[in-house]
Each structure stands twice: as C-alpha cells, then as structure tokens.
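The structure appears right after this line, and notes come after that.
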Amino acid sequence: MKRELKKIKKGIIFLLVPVFLIGCFPKRDTTRDFQRLEFVELEPIEVPEYTRRELKNGMIVYLMEDRTLPLIHFKALIKTGSIWDPQDKAGLCDITFEVIRTGGGGQRTGNEIDMKLERVGAQIEAGADRDMGWVCGFSLKDNFNEIFSVFGDILRNPLFDQAKIELAKIKIRGLIARRNDNIEELANREFRRLIYGRDNPYARIVEYKTIEKITRNDLVLFYNNFFHPNNIVLGLWGDFESEEMLKKVESIFGDWEPREIQFPEKPIIEQEPIASFNLVIRKEATQSAIRMGHLGIRRDHPDYFASIVLSKILGAGWHSRFGRRLRTEEGLAYEVWAWQTAEFDYPGLFIATAQTSLGRTIEAITLMKREIELIRQKEVSYEELKVGKESILNAAVFWFDTKDEIIERLMRYEYYGYPLDYIKRLIEGIKEVTKNDILRVARAHLKPDKLTILVVGNPEFFDKPLSSLGEVRLLDISIPQ
C-alpha cells in the first residue's frame, strides 16, 4: 500500500511541476519583442590616421599603418569594367583580369609567380566587376620588397600568355554551361536583365560565341586603354612606416608615364518601370524563386539615407514587415527581402525577393506586393523607425572594425568621386530620418503598380495560375551554342 501511495505522489508531482513552471513563466509575446529592444548610444566613429598622396604621374596612394601583425596588404583599383566590353566580345574584361594575374609579368611566367608566392606564403589576385577592376595581395613584412616587385610587374608589364588565355576561356565556358543550375542565381540574373534590358552592359551576360571572338590582341588593347598610373588608386596597409613605404611605391611606379585616357561613353539606362509578369519554367524546381521590383536610385541621391531606413523597415531582417508578415505570421519563406541596392554611379535596383513552396507562389506574390503598397499609405510607427535606424547605426560599427574595411572604403570613395567623409555623412543622415521622410520616400521611389515580377519554378504546382495576376511572358533561358 505504501509503495502504491508513493507512486501516486510521484505522479502528482510529475504532473504539477510543468503546471507550476508554466504559471511562473507566462507565454512570451515573441511577435512584439522588437518593440522592447533598447540600443546603447554609440561612440562616434573615428577613422584611423592615414596618408593620401598623389604621385607626379597621377597615381593616388593611400597608406595606413597597422602593426598588429607583421603583414603588408596592397590593392590597386583600376578604373575600368565589363560595361566597356565590345558587344560581340562580352567577357573581355574578365579574361583580361584573369590572365593579367595568371599569364605572368616582367621576366616571370605565371607559373614562376605562383611558385614564388607559394614559397613565401604570399598572395596576389585579380578580378573585375561591371565598373571596376582590381589587383590585390599581401605578404609577410620580411618578403614585401620582392612580392611588391612582382605586383608591379603584373600591373606594368603583363605577358598575356596565350596558354593562360585558353585556360581562362575554358573556365568561363564551364560557368556558362552551369549558369542555369541554381534557381536563385538564375532569378537574380534574369531579373536584372528585365530591369536594365537584356543587351544593356549593366546586365549583359557572356556567351560561348563572344568568348570565342576574344583574341590576345584584344586583351593587349584593353590593357593599353585602361592600365595607366593616372587611372589607378593604390592602397597599402600593414606593418610599415608611411614615408618609407612612399619611397618604395615611387621606386616601383614613379617612372610609369601617365596617359590621357579616352573613356567610352557610359551605357545609358533609361528603362521606365512597366508592370509585367515573367516566368521561367524549371520543371525540376521544388520551390519558386520570386523577384519583384524596378529601377532604383544612386547612393548620391538626396533620398538615399531615408531609403536605407525605409528598406530596413519594409524588408531587411526578421523584424521588418516582410519578415514578420511573410515569414513569422504566414510561414511562407525562410528568407524574404526588399531593398534599394543603390550603386555609386548608376541607378541600382529596388528588389523584393522570396523563395517559397510551389503551392504558395501566388499567395506570396500577393502579400509581398501588398506590403509594398501599405508602406506608402501612412507613416510607419515610432517603434519601427527607432528599430530600423538603430539597427543600421549599430551595424555601422562593423563597417570600420578592420583596417581592410576602412582603407578599402576610402579607396572606393576616391574611385567614384565621393567625399572621403561620406561614411560620417551617411551615419548623420540616417540619424536625421523622420517618419515623414519614410512616407515621402516610399511614395516617391516605390511603385507597386509598376512592378516587374519574375517567378522561376514549376507552374504546374502553383496555387493559382500566374496569369490570374496578369499577362505572363515566358522567358527563354536556353544557352546558345
């Protein structure tokens, strides 16, 4: 009997403990947690001391001392980019920067340079984007002189080895062959082409036939057009003394003759927003990748600071309206975004994105569009404004947490002709954004009635036909052979 009573007591305790605990810890209203966030006041951001010099040949040099480690980093920004590739030779800029590194320089072949770098644990890389090219690297302080000399040869005397050109072409052919494998990358690429125009250099893609037409002579001409000291911003940071480093820079680049550069006309972007529904059919897709938006603004637009805060409130992060409505409340997608991807010297994109199950594709599109419409209708709440601004300002700490971040930002501002204190102006501008600014900018720069909408997925499993929203254009993404 005693044993039975003991069992009953244990059972009662077992049942009461969770009840007691639940009573002591009432259920949290997690959907409103963001309203209770408190941010501490940040210390003003101070830019570490740096040196800016212009050599007699026009090369701009930035130096920043950092004795944390016995390393020295270096990077050259060359004002060029793939936007200036000839239409029938798309890929020329990419191959030039690939081979300028792999093809050798001065008296050394590319393989000899590889061996030298590996032997001392140094690195030199090169790459290019639509409106910028770069060559960069690092070495131990003790090996800096010989590695910096190699860096100078690569920039001033590239060999453009034919065998390396062929290797670069093979690499790009492989990228072309695989370019439709990932539906997220596919959606981003095709959305960009819809907004800027399929043949516009800001969205143009490389094809097999454009690669085949590129010759070694094209690389040499491209190099001769853009690689001049008065077209380069050079940065060095690490364990050195600035005046001594300037002498080394002079010894490598000081006798490089400048030249007047005839830049081609920049591509014109004049795509007017037009509402459209576009579909890429991927039968094998298990989810839909959704993109919607239109042309955006540049970073030097007076409304840019308010646009960042607007983006944060609308669609950037779990506390945004997109995050709460589509992700938390509706469970439509793990990641949903809406953002102004402003560029430095050409209009960026306003783009909203989501990846959701095929059976909820139209529901997701409808809700995304609805949230864009709602933020234009009335002022955001005080809590939304506060969380939006302070989450950006607190993240600003990480924009300046390493010397790499700092000097590369300075070089980038120099490259695009922005004021060197732009980061401080950005922070102060964000602090001054008001609820009225958000409403005004939303009404001025968000156009829910003119959204270009793209879906990549299998329409056989959509909750409704995409045509229930409007006329649908089917996009051809086949790869020309």
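The values are calculated or read from the model by the stated rules, or taken from the named source; none is laboratory data. A quick note: this is a predicted structure, and the numbers were derived from the prediction, not measured. Don't worry about glycine lacking a Cβ; one is built from the backbone with ideal geometry, like all the others, and counts go over all protein chains shown. Just the protein is used for accessible areas: all its heavy atoms, side chains included, with ligands, DNA and RNA removed. Shrake-Rupley method; radii C 1.70, N 1.55, O 1.52, S 1.80 Å.
For residues that are charged (D, E, K, R) and crowded, with 18+ Cβ neighbours inside 10 Å, tally how many sit in the stretch 377-402. Here the count works out to 3.
Which residues, counting only those in the stretch 76-85, are part of a helix (DSSP H, G or I) and within 16 Å of residue 221 (Cβ to Cβ)? Show your work before the answer.
From the stretch 76-85, those part of a helix (DSSP H, G or I) are 82-84; that's our starting set.
Scanning the stretch 76-85 gives 82, 84.
Answer with yes or no whether residue 244 is more than 31 Å from the chain's Cα centre (by Cα), of a type in the set (Asp, Glu) and farther than 30 Å from residue 182 by Cβ.
yes
Residues satisfying the criterion are absent from the stretch 110-119 (criterion: closer than 20 Å to residue 250 by Cβ, among the polar types (S, T, N, Q) and more than 27 Å from the chain's Cα centre (by Cα)). Quick test of your reading of the structure: residue 301 fulfils all but one of (1) more than 27 Å from residue 417 (Cβ to Cβ); (2) in contact (Cβ under 8 Å) with a residue 40 or more places away in the chain. Name the failing condition by number. It fails just one condition, (1).
Scan the stretch 347-370 for residues that are open to solvent by less than 10 Å² (accessible area, probe 1.4 Å) and under 17 Å from residue 293 (Cα atoms) and the total you get is 9.
Quick check on residue 306: is it among the small types (Gly, Ala, Ser), touching an Asp or Glu at 6+ places or on another chain (Cβ under 7 Å) and either at pLDDT 95 or above or more than 30 Å from residue 425 (Cα to Cα) (or both)? Write out each step before concluding.
Values: among the small types (Gly, Ala, Ser): yes; touching an Asp or Glu at 6+ places or on another chain (Cβ under 7 Å): yes; either at pLDDT 95 or above or more than 30 Å from residue 425 (Cα to Cα) (or both): yes.
It is true that residue 306 is among the small types (Gly, Ala, Ser), touching an Asp or Glu at 6+ places or on another chain (Cβ under 7 Å) and either at pLDDT 95 or above or more than 30 Å from residue 425 (Cα to Cα) (or both).
Kindly establish whether residue 185 is under 24 Å from residue 83 (Cβ atoms), assigned to a helix (DSSP H, G or I) and open to solvent by 80 Å² or more (accessible area, probe 1.4 Å). Yes: the conditions hold for residue 185.
Checking the structure you have, find out if any residue of the stretch 420-436 is more than 23 Å from residue 273 (Cα to Cα), surrounded by 15 or more Cβ atoms within 10 Å (Cβ to Cβ), of a type in the set (Ser, Thr, Tyr) and touching a residue at least 60 places away in the same chain (Cβ under 8 Å). No.
Please find, among 265, 272, 244, the residue that is over 26 Å from residue 366 (Cα atoms), of a type in the set (D, E, K, R), open to solvent by 40 Å² or more (accessible area, probe 1.4 Å) and modelled with pLDDT under 95. Steps first, please.
Numbers: 272 fails: over 26 Å from residue 366 (Cα atoms); 244 fails: modelled with pLDDT under 95.
Of 265, 272, 244, the one residue that is over 26 Å from residue 366 (Cα atoms), of a type in the set (D, E, K, R), open to solvent by 40 Å² or more (accessible area, probe 1.4 Å) and modelled with pLDDT under 95 is 265.
Beta carbons closer than 9 Å, at least 6 apart along the sequence or on distinct chains, pair a first residue in the stretch 233-260 that is under 19 Å from residue 408 (Cα atoms) and of a type outside the set (Lys, Arg) with a second that is assigned to a helix (DSSP H, G or I) and open to solvent by 80 Å² or more (accessible area, probe 1.4 Å) for 233/412; 238/141; 239/141; 240/141.
Looking at 206, 233, which is the one that is out of contact with any Pro (no Cβ under 6 Å at 6 or more places or on another chain), buried (at least 20 other Cβ atoms within 10 Å of the Cβ) and part of a loop (DSSP other than H, G, I, E, B)? Reasoning before the result, please.
Working: 233 fails: part of a loop (DSSP other than H, G, I, E, B).
After applying the criteria, what remains is 206.
Checked across the stretch 210-226, the condition of being open to solvent by less than 30 Å² (accessible area, probe 1.4 Å), under 26 Å from the mean Cα position of the chain (by Cα) and without any contact (Cβ under 8 Å) to a residue 60 or more places away in the chain holds for no residue. Taken residue by residue, the stretch 382-403 has no member that is part of a strand (DSSP E or B) and either aliphatic (A, V, I, L, M) or touching a helix residue (DSSP H, G or I) at 6+ places or on another chain (Cβ under 8 Å) (or both).
In the set (1) of a type in the set (Phe, Trp, Tyr); (2) over 30 Å from residue 63 (Cβ atoms); (3) part of a helix (DSSP H, G or I), residue 277 fails one condition alone, (3).
Can you name the residue in the stretch 428-471 that is β-branched (Val, Ile, Thr) and farther than 20 Å from residue 357 by Cβ and, of all such residues, is farthest from the chain's Cα centre (by Cα)? Reasoning before the result, please.
Taking the stretch 428-471 first, the residues β-branched (Val, Ile, Thr) are 430, 433-434, 438, 441, 452-453, 455-456.
Adding the requirement that they be farther than 20 Å from residue 357 by Cβ leaves 430, 433-434, 438, 441, 452.
Numbers: 430: 20, 433: 24, 434: 27, 438: 24, 441: 23, 452: 21 Å.
Checked the stretch 428-471; the qualifying residue farthest from the chain's Cα centre (by Cα) is 434.
Can residue 240 be described as touching a helix residue (DSSP H, G or I) at 6+ places or on another chain (Cβ under 9 Å), not in a helix (DSSP H, G or I) and not polar (S, T, N, Q)? Write out each step before concluding.
On the way: touching a helix residue (DSSP H, G or I) at 6+ places or on another chain (Cβ under 9 Å): yes; not in a helix (DSSP H, G or I): yes; not polar (S, T, N, Q): yes.
Considered against the rule, which asks whether it is touching a helix residue (DSSP H, G or I) at 6+ places or on another chain (Cβ under 9 Å), not in a helix (DSSP H, G or I) and not polar (S, T, N, Q), residue 240 comes out as yes.
Within the stretch 307-351, the only residue that satisfies the criterion of being free of Cβ contacts under 8 Å to residues at least 40 places away in the same chain, among the charged types (D, E, K, R), in a loop (DSSP other than H, G, I, E, B) and in contact with a strand residue (DSSP E or B) (Cβ under 8 Å, 6 or more places away or on another chain) is 335.
Checked against (1) within 22 Å of the chain's Cα centre (by Cα); (2) surrounded by 17 or more Cβ atoms within 10 Å (Cβ to Cβ); (3) touching a residue at least 40 places away in the same chain (Cβ under 8 Å), residue 409 passes all but condition (3).
Taking the criterion of being assigned to a loop (DSSP other than H, G, I, E, B) and either open to solvent by less than 10 Å² (accessible area, probe 1.4 Å) or basic (Lys, Arg) (or both), the residues of the stretch 86-102 that qualify are 90, 91. Specify the residue that is farthest from residue 415 (Cα to Cα); the eligible residues are those in the stretch 52-83 that are open to solvent by 40 Å² or more (accessible area, probe 1.4 Å) and hydrophobic (A, V, I, L, M, F, W, C). Checking each candidate, the answer is 69. Put simply, of 448, 465, 480 the only residue that is open to solvent by 50 Å² or more (accessible area, probe 1.4 Å) and touching an Asp or Glu at 6+ places or on another chain (Cβ under 6 Å) is 480. Name the residue that is modelled with the lowest pLDDT, counting only residues in the stretch 309-339 that are surrounded by fewer than 20 Cβ atoms within 10 Å (Cβ to Cβ) and hydroxyl-bearing (Ser, Thr, Tyr). Filtering first and then ranking leaves 334.
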